[in-house]
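Each reported figure results from applying straightforward, stated rules to the coordinates on display, with no laboratory input. The shown structure was predicted, so the numbers you read here are calculated from the model rather than taken from an experiment. Cβ placement follows ideal geometry from the backbone for every residue including glycine, while neighbour counts extend to all protein chains displayed.
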Amino acid sequence: SIPLSQKLFGEVTSPLYPKPYPNNLDKTTVITVPTGFRVKLVFWQFDLEPSEGCLYDYVKISADKKTLGRFCGQLGSPLGNPPEAREFVSQGNKMQLTFHTDFSNEENGTIMFHKGFLAYYQAVDLDECASQLNSLEENLQPQCQHLCHNYVGSYFCTCRPGYELQKDGHSCQAECSNELFTEPSGYVSSLEYPQPYPPDLRCNYSIRVERGLTLHLKFLEPFEIDDHQQVHCPYDQLQIYANGRNIGEFCGKKRPTDFDTSSNAVDLLFFTDESGDSRGWKLHYVTEVIKCPQPKTLDKFTIIQDVQPQYQFRDYFIATCQQGYQLVEGNQVLLSFTAVCQDDGTWHRAMPRCRIKDCGPPRSLTNGAFNYTTTKGVNTYQARIQYYCQEPYYKMHTRGGISEIQRGAYTCTAQGIWKNEWEGEKIPRCLPVCGKPVNPVEQKQR
Amino acid sequence: IIGGQKAKLGNFPWQAFTNIYGRGGGALLGDRWILTAAHTLYPKDHDAQSNATVDVFLGHVSVEEITKLANHPVRRVSIHPDYRQDESHNFEGDIALLELENSVTLGPNLLPICLPDNETFYDRGLMGYVSGFGIMEERLSYDLKFIRLPVAKREACESWLRKNKRKDVFSQNMFCAGDPSLKQDACQGDSGGVFAVKDENSDRWVATGIVSWGIGCSRGYGFYTKLLNYVDWIKKEMEGE
């Protein structure tokens, strides 16, 4: 027998193919492909001496200790038993092809020449998982205890959540000491729920969701944990912690009420003793975005932009001031103010105040002065002053036909700047008045 | 000033008292310019190199008092380009501007005078005032004096110059005032002061001329720089004001 190197595909032909094959031959070819694959073979050419039951010349295909067929004749001919386009697939990764010829190829005294055959084989993946499912077939591979995952050339096993694959790569041992749940909602249950949970468990189910989310727990029916009439949970216990703070230990058949844990981190510790057939527990958790209190202004000049009916984590609000007022935080003037709702349900900054804009004392006017039109000394928003020049020596410079009164009128604006309606920030100018002596020479005597 | 009378405080609040190559006058323009005669800074028959200090006083009518007031430091001196220091018979372009280092604060005794804006200020016979701390009849004055003079007819001045066999330049950029019959006249020490006219239309005093030159003092004509012809130059020098 001639083993073929473990290729993933190849051809097998009769000796001297396509020349007529020799007589008196017995040759077995073993086709082997890598483990995890199966052999698939098909005849592309086939021309053997036909005979009833293929007694004289034949090709015999066998695999997995079974004969898959014995063939002779020509493709398309009714004589003998040609293989046609049949595909032969092994279970394992081997297939034998035996070629037998007798001492002659005569028909009615005439020697006949037959080309023999050309067969093509390839390795096809063996779905070890499928074979495990129909367990009738003898299992080539060890069973996965929980979950089987096939891939080209092999397969691997995994376990259901709460179990850990053992070293043998197939069996699963309850391992729930580090179960982590991070989805914003989901289910957590004891192993095998609602079938009885295994004994001797030390399970820790951690639910960790984003900061700013708060977890709500809702236990489902059935809820069954071994308990005792008098003693509180002596056998099996389900302990629940929120942010490390114990919020209860549960057992028995009465499911706990729904929880708002006000936290984004919950741990469930489930300990069981060596016996019991309670069906365990299951909970559904959902998250709710943490809320912040409705922002309230501290004075009537503060405006909250786009007030929302409700604010939750990561929401923010912008505070501004009425015109003429400015944001202050403590004594710090702010150009803008935004507060963000934090993950603990508080605002990251306290509400600011709005202080009236102060233009500061008006600039002094060279060769002139000013009076307050509004309250003397008050330089805040909408205060008004009137500049004037030291007449008669100086005169206010105006242009565009505006009067000195108009030119000299300034208002403290919302930008915190003293401004004249016509000339803006520029303060007026007092220009010397020429040719107006206050005591001009006078001559009386004539 | 010959034949003049004492000015009272506030009569001529633009009057400056200068002390450069001797006593001189000037007039305040705006609040930081002094208008004066170029020859007070570059006197004729003086070598051009000498550099006298320029002292400017303002705001009083008594020499003693005015010199007690702070001297006003001068930032820049502008001499009109037509002035010829070396031509002793030619007072063409006898005008200069002193820019003060600091603006002055105006008040009843310190006020600027206006500049002329039309020819009527030079009509014959129009009365103007000339004030100055210059000498009187051969005596130094301790007070600001003033006189009142009429603008004279050009031809009269020209023939008067001829009769006195004078070759001095009397150009269109000058005018003359006074009269040989009058005692009143400006005199040495008054140069740089202004011939001031009260413009009744605008109720303002206007400087129409600068005391510039004359033949002796009194009983004759006085010759003044005609300011109207230099207003553009003045404004250019004050550029940005």
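Candidates are the residues of the stretch A:386-413 that are among the hydroxyl-bearing types (S, T, Y) and within 14 Å of another protein chain (Cβ to nearest Cβ); the one that is nearest to A:A369 (Cα to Cα) is A:Y394. All conditions in (1) surrounded by 13 or more Cβ atoms within 10 Å (Cβ to Cβ); (2) more than 14 Å from chain A (Cβ to nearest Cβ); (3) in a strand (DSSP E or B) hold for B:R76, with the sole exception of (1). Of the residues making up the stretch A:171-206, those that are farther than 19 Å from A:L220 by Cβ and among the acidic types (D, E) number 2.
Restricting attention to the stretch A:399-426, the residues that are part of a strand (DSSP E or B) and either touching a Gly at 6+ places or on another chain (Cβ under 9 Å) or touching a residue at least 24 places away in the same chain (Cβ under 8 Å) (or both) total 6. When the residues of the stretch B:8-28 are filtered to those that are surrounded by fewer than 24 Cβ atoms within 10 Å (Cβ to Cβ) and touching a residue at least 60 places away in the same chain (Cβ under 8 Å), the one that is farthest from A:K436 (Cα to Cα) is B:G22. For the stretch B:194-235, the set of residues classified as within 14 Å of chain A (Cβ to nearest Cβ) and assigned to a loop (DSSP other than H, G, I, E, B) consists of B:E200, B:N201, B:S202, B:D203, listed by residue number.
Could you please find all residues in the stretch B:125-152 being among the acidic types (D, E) and within 14 Å of another protein chain (Cβ to nearest Cβ)? Explain how you work it out, then say what you get.
Going residue by residue through the stretch B:125-152, those that are among the acidic types (D, E) are B:137-138, B:143.
B:D143, the sole residue that qualifies.
I need the full set of residues from the stretch B:79-124 which are within 14 Å of another protein chain (Cβ to nearest Cβ) and within 17 Å of the chain's Cα centre (by Cα), in order please. Please lay out each step first, then the result.
Here is the first cut: in the stretch B:79-124, the residues within 14 Å of another protein chain (Cβ to nearest Cβ) are B:100, B:102-117, B:121.
Selection gives B:L110, B:L111, B:P112, B:I113, B:C114, B:L115, B:P116, B:F121.
Is it fair to say A:C434 is within 14 Å of chain B (Cβ to nearest Cβ) and free of Cβ contacts under 8 Å to residues at least 24 places away in the same chain? When the stated conditions are applied, A:C434 passes them. Return the total of residues in the stretch B:217-241 being of a type in the set (D, E) and free of Cβ contacts under 8 Å to residues at least 12 places away in the same chain. Residues flagged as of a type in the set (D, E) and free of Cβ contacts under 8 Å to residues at least 12 places away in the same chain within the stretch B:217-241 amount to 2. The residues in the stretch A:405-422 that are surrounded by fewer than 18 Cβ atoms within 10 Å (Cβ to Cβ) and within 26 Å of B:V104 (Cα to Cα) can be counted, and the count is 1.
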